[in-house]
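The values are calculated or read from the model by the stated rules, or taken from the named source; none is laboratory data. Predicted model, so just to flag it, every value in this text is computed and none were measured. All Cβ positions, glycine included, derive from the backbone under ideal geometry; neighbour counts span all protein chains shown.
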Amino acid sequence: MTKRRSNNEGSIFQRGDKWRAQITIQGHRLSHTETTETKARAWLRKMRGQIDQGLTYDAARTTLTEFLTNWLAQKKTQLRTATGEQYDWAAAYINTGLGSLKLKDITPSVIQHFYDGLLARQIGARTIQVVHAVLHGCLDHAARLGLTARNPADSCIVPKPQKQEMKTWTESQVSQFLVTIIGQRNEIMYQMALATGMRRGELIGLKWSDVDWIANTIKVQRQVFEPVGGGFVFQEPKSDRGRRAVELETRLIDRLREQLRRVTLGRQVARDRWQEYDLIFPSTIGTPQGGGNVTREFHRLVVQAGLPVIRLHDCRHTAASIMLSHGIPPIIVAGMLGHSLAVLLEKYAHFIPSYQTDAARLMAGVTSPMSVEIKH
């Protein structure tokens, strides 16, 4: 057995036709076997560099899957149920592609190759962005714990999803739809969607306790989420802006009174099958309606009305576009939708009328010199 040392970079041993390299880190010995002495020395140089940058023994031994699993268990205690499920499926991609690698072997080039591979498999850009967010968060935590010198995901390029063309209805199309669906079980819910721009989960989660009949307002305080495996969960809106009070015009308040009578009748018909959740738009037995069922019903009604097909979520875009085109201040529209002003302007700026002519006329008057006759 031949033993060689080189510049305190560790030890190299030849065993048969293999070369075994060893290096000490935090009092522990790491070993690695290569087919040639050159490759063994390259491994030693790489490890020395990583140790100099702060590599720890735990990082050298821990796989990404091991660390990701523990990090995810802690992270999910801070997340909404929907977000937690999103992290789970993102972690499945990461574990399949990179999970067996040690933390020390996760480099920017390795991660970039992983992302490029997902793209080559025609995985959507939005999905890759979520995968990157989870991986970046995990490795950021590893860096803060000192398990890695830096976050290798910082240097990676993530594909940007193409912006989907926003589909909206005109005012006359909104009117045509609402006239067509008169008598439908969820007609008032769809009217509420178009009038307020609420999301599907927000509409399904509305409760009668959210209505202020005197102030003519309704509070958005929760969403309904359907976890994998069935059932439903009431969860808070994504952000503080999502928790909001929306003012309703008297005619819409009257429609809610009509909906209350319908729900009361439905409770009487269901009798013992009724489960009370105080919902404004419940199923036939009082539970939250399934989001998929609501979406499919909306699509069917749109087709029956002979209108351009839009998603239920596009009712939100339609509400924003109509309000902005009529000169409602963006800050008011943002508040109704639960958006920040910046997000609203990014999405809907093209619906805001141009008042540059009025602005030019105003400023011309302000800045035009006026002759003043001075009497001596």
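Among the listed residues Leu312, Leu324, Leu344, which satisfies the condition of being more than 19 Å from the chain's Cα centre (by Cα) and either of a type in the set (A, V, I, L, M) or surrounded by 14 or more Cβ atoms within 10 Å (Cβ to Cβ) (or both)?
From the options Leu312, Leu324, Leu344, the qualifying one is Leu324.
Mind checking which residues of the range 298-309 are buried (at least 19 other Cβ atoms within 10 Å of the Cβ) and either under 30 Å from Trp274 (Cβ atoms) or under 25 Å from the mean Cα position of the chain (by Cα) (or both)? Give the derivation first.
Taking the range 298-309 and keeping what is buried (at least 19 other Cβ atoms within 10 Å of the Cβ), we get 298, 302.
If the condition is that a residue be buried (at least 19 other Cβ atoms within 10 Å of the Cβ) and either under 30 Å from Trp274 (Cβ atoms) or under 25 Å from the mean Cα position of the chain (by Cα) (or both), then Phe298 is the only one that fits.
So Lys160 passes all but one of these: (1) charged (D, E, K, R); (2) more than 30 Å from Val309 (Cα to Cα); (3) not in a helix (DSSP H, G or I). Which condition number does it fail?
Here Lys160 clears every test but (2).
Taking the range 274-297 on its own, how many of its residues are over 22 Å from Ser209 (Cα atoms) and either modelled with pLDDT under 95 or exposed (fewer than 15 other Cβ atoms within 10 Å of the Cβ) (or both)?
Selection size over the range 274-297: 4.
Assuming Val179 fulfils every condition listed in (1) outside the structural domain of Cys138 (by TED's automatic domain parsing); (2) in contact (Cβ under 8 Å) with a residue 12 or more places away in the chain apart from one, which condition is it?
(2)
So, of the residues in the range 229-251 that are of a type in the set (Asp, Glu) and assigned to a loop (DSSP other than H, G, I, E, B), which turns out to be nearest to Val294 (Cα to Cα)?
Glu236
Quick one: is Cys138 more than 15 Å from Thr63 (Cβ to Cβ), hydrophobic (A, V, I, L, M, F, W, C) and crowded, with 18+ Cβ neighbours inside 10 Å?
Values: more than 15 Å from Thr63 (Cβ to Cβ): no; hydrophobic (A, V, I, L, M, F, W, C): yes; crowded, with 18+ Cβ neighbours inside 10 Å: yes.
No.
How do the helices (runs of 4 or more DSSP H) wholly within the range 64-130 filter down when requiring 1 or more residues that are of a type in the set (D, E, K, R) and over 21 Å from the mean Cα position of the chain (by Cα): which remain?
In the range 64-130, the matching helices (runs of 4 or more DSSP H) lie at 64-75, 108-120.
Would you pick out the residues in the range 238-288 that are hydrophobic (A, V, I, L, M, F, W, C) and touching a residue at least 60 places away in the same chain (Cβ under 8 Å)? Full working, then the answer.
Within the range 238-288, the subset hydrophobic (A, V, I, L, M, F, W, C) is 245-246, 248, 252-253, 256, 260, 263, 265, 269-270, 274, 279-281, 285.
Those that are hydrophobic (A, V, I, L, M, F, W, C) and touching a residue at least 60 places away in the same chain (Cβ under 8 Å): Val246, Leu252, Leu256, Leu279, Ile280, Phe281.
Within the range 185-206, is even one residue at pLDDT 95 or above, over 21 Å from Glu297 (Cα atoms) and not charged (D, E, K, R)?
There is no residue in the range 185-206 that is at pLDDT 95 or above, over 21 Å from Glu297 (Cα atoms) and not charged (D, E, K, R).
Within the range 351-367, which residues are farther than 26 Å from Asp240 by Cα and part of a helix (DSSP H, G or I)?
Across the range 351-367, the qualifying residues are Gln356, Thr357, Asp358, Ala359, Ala360, Arg361, Leu362, Met363, Ala364, Gly365, Val366, Thr367.
Which members of the range 3-24 meet the condition of being assigned to a loop (DSSP other than H, G, I, E, B) and modelled with pLDDT under 80?
Ser6, Asn7, Asn8, Glu9, Gly10, Gly16
Could you please tell me which pairs satisfy a Cβ distance under 8 Å, a separation of 6+ or placement on different chains, a first residue in the range 328-348 that is under 15 Å from Cys315 (Cβ atoms), and a second residue that is surrounded by 13 or more Cβ atoms within 10 Å (Cβ to Cβ) and among the polar types (S, T, N, Q)?
Met336/Thr196; Tyr348/Ser321
Could you give me the residue pairs with C-beta distances under 8 Å whose first residue belongs to the range 26-45 and is more than 15 Å from Gln14 (Cβ to Cβ) and buried (at least 17 other Cβ atoms within 10 Å of the Cβ), whose second residue is of a type in the set (D, E, K, R) and modelled with pLDDT of 80 or more wherever it lies, and which are 6+ apart or on separate chains?
Close Cβ pairs (under 8 Å, with a partner that is of a type in the set (D, E, K, R) and modelled with pLDDT of 80 or more) do not exist here.
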